[in-house]
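Worksheet: the structure to be examined is printed underneath.
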Amino acid sequence: MKRRPLLLLTRNPLTVENVMDFNWSPTDPILALFVPELGGRNQPARVSLVQIPSKEELRQKNLFSVSDCKMYWQSNGDYLAVKVDRHMKTKKSTYTGFELFQIKERDIPIEVLELENKNDKIIAFAWEPKGHRFAVIHGDSPRPDISFYSMRSTHNTGRVSKLTALKGKQANALYWSPAGRFIILAGLKSFNGQVCCNFSNFSSRDGEWFQHMVLRWQTTVLDTKGSFLSVFVTPKAAILRVLRKRKRLQRT
């Protein structure tokens, strides 16, 4: 089979100096760029949304006292969440907030979200696939809190609102069903395989928590329609045997 050669979209490349990170929209020709602060505070950090191949800047947000940024696209490209870690005035500690871009709305409005306790560490973030809700694990291990938010409130579809919160859960990872509605809260790695697995059904207003189990696992896989969940279980003894076998092979 003859392969088509790769071709440039335009003769002139998109030139943006000092880009630290970028992410493509999963559905549209939109590139999200993060440029850190330069020259102290003389030039603030910024997040820009650029349309390709026209190179038109659709939206820009300047950010101050930034130590780090991470971007999360919603699966339909409807929303972009930017997790912003900021320095305190003393620069001895940081706090985290979110800039929420509503991509499909006119002029791409931005909602700002700060947790009730700004000093909480953000452990995990995940959008509901094809939906308007997202979950955040925040706080201190081993039992942080999990908060759920929606980009659609009762009276205003463009305002972020808090749905509910779960206190003191043994979790550090989030797995939404590909079809939405259901989410698994899992504790992996640092929890030594002890996993609290909660299935949440968001068909009700406040979320119906209807199943809980504790098990040892290695990873999970959800099928593309969200109808089935596979859990790969690896007993501790089996892990030790594999490691010992690998060590013997390496010695020989």
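Bear in mind that the values in this text are calculations on the coordinates, not laboratory data. Keep in mind the model is a prediction, meaning the values are calculated, not measured. As a convention, Cβ positions derive from the backbone with ideal geometry for all residues, glycine included, and neighbour counts pool all protein chains shown.
Before moving on, here are some points about what is shown:
- Net charge of Cβ neighbours under 9 Å - reference Val82; Lys, Arg +1; Asp, Glu -1: +2
- Total charge dipole magnitude, segment 15-114, about the Cα centre, Cβ charges on Lys, Arg, Asp, Glu only, Debye to nearest 20: 420 debye
- Loop sites in segment 61-136: GluC sites (Glu not before Pro), DSSP, at most 15 other Cβ within 10 Å: Glu105, Glu116
- Once both labels are positioned 7 Å from their Cα atoms along Cα-to-Cβ, the gap between Ile108 and Leu14 label points is 0.9 nm.
- Pairs with C-alpha atoms separated by more than 22 Å, drawn from the list Lys121/Lys162; Lys83/Lys162; Lys70/Lys130; Lys91/Lys162; Lys70/Lys169, are Lys91/Lys162; Lys70/Lys169.
- Taking a straight line from the alpha carbon of Lys118, these aspartates and glutamates sit under 20 Å away, with near neighbours fewer than eight places off in the same chain left out: Asp68, Asp85, Glu99, Asp140, Asp145.
- Theoretical FRET efficiency, 1/(1+(r/R0)^6), r = Cβ-Cβ of Leu6 and Lys70, R0 30 Å, to 0.05: 0.55
- Within the shell of other residues whose beta carbon sits under 11 angstrom from the beta carbon of Lys167, the net charge comes to +1, with Lys and Arg scored +1 and Asp and Glu -1.
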